[in-house]
Amino acid sequence: MDRQETADVRQRSSAASAGVLEDDPAGAPNGTVASTPEADSVVRSDVSGALPEGEAEIELRGVSKLFTSRHRETLALTDINLGIRKEEFVTLVGQSGCGKTTMLRILAGLIKPTGGEVRIKDGPLWRGNTRDESALRQLGLVFQDANLFPWYTVEDNIGLPLALRKVDKKERRRRAHELGELIGLTGFERALPRELSGGMRQRVAIARALSYDPEILLMDEPFGALDAMTRDKMNMELQRIAHATNATVVLVTHSIAEAVFLADRVVLLSARPGRIRSITEIPAKRPRQLEVTAEPGFQDRVVNLRQQLIEDEERLARHGGVSE
């Protein structure tokens, strides 16, 4: 869709921009809430994360997403321009309902954008209504729920994507043991998911996503359900794994501190509809130790991002919005 079409989508959906928006709009209330020119001007942003030609491994070019139901139209994302370099670690933050998960699903090819284009390694992810299979093979997905098959062993869960690709059992087992060692699961290959802790189940989910050697790892709140200490440990492990596999990582999180600790760049999305409000560079070299969280520069970035979120909350409150 070209720029004029994207503008048309915005115009048709202006009523949605002041209403309740969820990453999954199915739970949105019936009816539309009219937007005011003042509210619309406040959220508009000229921030672009586009990179010079040929520098990005992943690109979102002018991406918008409009969800349409019987009762309303919801503009989840609009005018998203973002490039991500090879082996870069990018985190997405913002209020609940700002479109973080929608954006990740668009990157994963699970949702087709209403406007704009997604490119993986300088090739389009979508060709008409068909996803490019060679692009999809570059992507590994990890969600908040590990979604393991309870009757499969750790080894079989890790090797499942390879089984679907008709890889022989011997090679699947070899790869599962290799990844088990990388991910810290040695000795648990024959265990069932019910015998594992939450953190270990997430390790299995990450290993499964890595089983076919994707170059890009897309993660949606992978540690959101874990306790604080386990989450810190998994953040350390994720850095090590990303470094060991030379993966490009895009991770959605509600934790600002986690976003700053992990990322090379933190992309903050505005509330309803999601636009890039700011991009924060994190200069500290990865992998990082937890001690970096006590440094003044780290805390300054966390406070700045949190203040931007507070400003979004206040804007929504002034214009009758609801946030979580």
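The residues on offer are LEU92, LEU104, LEU75, LEU51, and the sole one that is touching a Ser or Thr at 6+ places or on another chain (Cβ under 6 Å) and among the hydrophobic types (A, V, I, L, M, F, W, C) is LEU75. Somewhere in segment 286-302, is a residue crowded, with 16+ Cβ neighbours inside 10 Å, under 17 Å from GLY49 (Cβ atoms) and β-branched (Val, Ile, Thr)? No: zero hits.
Which residues, taken from segment 161-189, are surrounded by 15 or more Cβ atoms within 10 Å (Cβ to Cβ) and of a type outside the set (A, V, I, L, M, F, W, C)? PRO161, ARG172, ARG173, ARG175, HIS177, GLY180, GLY184, GLU189 - these are the residues of segment 161-189 that are surrounded by 15 or more Cβ atoms within 10 Å (Cβ to Cβ) and of a type outside the set (A, V, I, L, M, F, W, C).
Would you check if GLU314 is more than 16 Å from GLY97 (Cα to Cα), charged (D, E, K, R) and modelled with pLDDT under 95? So GLU314 does not fit the description; no.
Listed by first and then second residue, the pairs with beta-carbon distance under 9 Å, at least 6 apart or on different chains, first residue in segment 171-192 and at positive phi, second hydrophobic (A, V, I, L, M, F, W, C), are GLY184/MET200. In the set (1) under 22 Å from LEU185 (Cβ atoms); (2) β-branched (Val, Ile, Thr); (3) modelled with pLDDT of 95 or more, THR253 fails one condition alone, (1). ARG265 passes every criterion in (1) within 21 Å of ASP232 (Cβ to Cβ); (2) at pLDDT 95 or above apart from (1). Pairs are defined by a Cβ separation below 8 Å, a sequence spacing of at least 6 or placement on different chains, a first member in segment 211-232 that is more than 20 Å from VAL250 (Cβ to Cβ), and a second member that is outside any strand (DSSP E or B) and hydroxyl-bearing (Ser, Thr, Tyr); the pairs so defined are THR230/SER197.
Considering segment 126-160, the residues that are among the small types (Gly, Ala, Ser) and farther than 23 Å from LYS112 by Cα include one that is surrounded by the fewest Cβ atoms within 10 Å (Cβ to Cβ), namely ALA146.
Checked against (1) out of contact with any Pro (no Cβ under 9 Å at 6 or more places or on another chain); (2) over 20 Å from ALA225 (Cβ atoms); (3) in contact (Cβ under 8 Å) with a residue 12 or more places away in the chain, VAL118 meets all criteria but (1). Screening segment 190-231 for residues that are buried (at least 19 other Cβ atoms within 10 Å of the Cβ) and of a type in the set (Asp, Glu) and picking the one that is farthest from PHE143 (Cα to Cα) gives GLU221.
Put simply, of ILE84, ILE80, ILE106 the only residue that is modelled with pLDDT of 95 or more and in contact with a Pro (Cβ under 8 Å, 6 or more places away or on another chain) is ILE106. For segment 44-62, the candidate set comprises residues that are within 26 Å of ASP312 (Cβ to Cβ) and of a type in the set (Gly, Ala, Ser); within that set, the residue that is modelled with the highest pLDDT is GLY62.
The values are calculated or read from the model by the stated rules, or taken from the named source; none is laboratory data. Everything numeric in this text was worked out from a predicted model, so none of it was measured. Backbone-built Cβ (ideal geometry, glycine too); neighbour counts: all protein chains shown.
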